[in-house]
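Everything below concerns the one structure shown next.
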Amino acid sequence: MNTRDPYTIKNEYGEFVVEGDSLDVIYNFYGHNAPITVGVVNKMSKPLYVDWTKSGILIDDVPTSYIEPPRVSKGDDSQLTDFTYFLNNPDNLSYVKPYSRLNKQILELTNFNFQKINDSLYNNWNTEADSWGENKKYKTIRYVEADSPIYLRTFLTVYEDSRRIEDAFYYENAFYMSELIKIKGSSPESLAAFRYGRGDFFYVKDEKEKKPPKETKKSSNLLQKVTSVTGQITSWAVEGSKVSKE
């Protein structure tokens, strides 16, 4: 994964970091099926609250929040968040202690159909994902932001120790897949990015379709959202492969 955002830097672990005076926001995609892990570093002497109901991802400018929004009550001259609701539903709000870091895995982007991309689009290149290892040549497709089969924007809402909505910090970032590497007959362990657990690297496996697990009432809503998101990504992976080679 990569970004063109000039305010987002990539640290030595491949994580994407947005630095601020009061807090840092960190995104990590390492793992199977691109799990999105969000980190918040609180640099202040007072706590922060991450509102997951007003945080999520955007695909084709269609936002999908991570969690169903809570009740909001109207005040005299502003809106107030019902923190009692949050406290009764702790998954909705995360508490970040002063001078500490919170990590939370939100969801993973599954059901990629990369195996349907035509082999003629791949070239034997040294890949960034193995530049810290033996740097062998692998079948690779390189993308710029405009033609990447995966492009998503994230948004994050963080409150200070306050109940007023207008006191929130808002963060929006954009990410895209810059390389697609095809490895036949070997596992991702052959790539240094996998062995070092870099935050800009994820992998998928070409597995036979499995029967989905039985859904519970608690998880069905989120699963429907993830299905909607990954359904769009599946189509991108195929449509996005129809690009000319440079």
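Here r is the Cβ-Cβ distance between Asp5 and Ser65 and R0 is 30 Å; the resulting FRET efficiency, rounded to 0.05, is 0.90.
Placing a pseudo-label 7 Å from each Cα along the Cα-to-Cβ vector at Asn124 and Met44 gives an inter-label distance of 5.6 nm.
Before I look further, what does region 91-162 give for accessible area per residue, probe 1.4 Å, in whole square angstrom? It would help to have the intermediate numbers written out before the result.
On the way: 3800 Å² over 72 residues.
Ligands and nucleic acids excluded, the figure is 53 Å² per residue.
For the residue pairs Lys10/Lys205; Lys104/Lys137; Lys116/Lys184, alpha carbon separations beyond 23 Å are given by Lys10/Lys205; Lys104/Lys137. Counted over all Cα-Cα pairs of region 97-142, pairs farther apart than 18 Å make up 60 percent.
Extension gain, Lys116 to Lys136, is 4.8 nm, computed as 0.36 nm per intervening residue step minus the present C-alpha separation. What the Cβ-Cβ distance of Asn103 and Leu58 gives, at R0 = 25 Å and to the nearest 0.05, is a FRET efficiency of 0.70.
The values are calculated or read from the model by the stated rules, or taken from the named source; none is laboratory data. Keep in mind the model is a prediction, meaning the values are calculated, not measured. Please note: Cβ atoms are built from the backbone with ideal geometry, for glycine as well, and neighbour counts cover all protein chains shown. These accessible areas exclude ligands, DNA and RNA; they are computed on the full protein's heavy atoms, side chains included. Shrake-Rupley method; radii C 1.70, N 1.55, O 1.52, S 1.80 Å.
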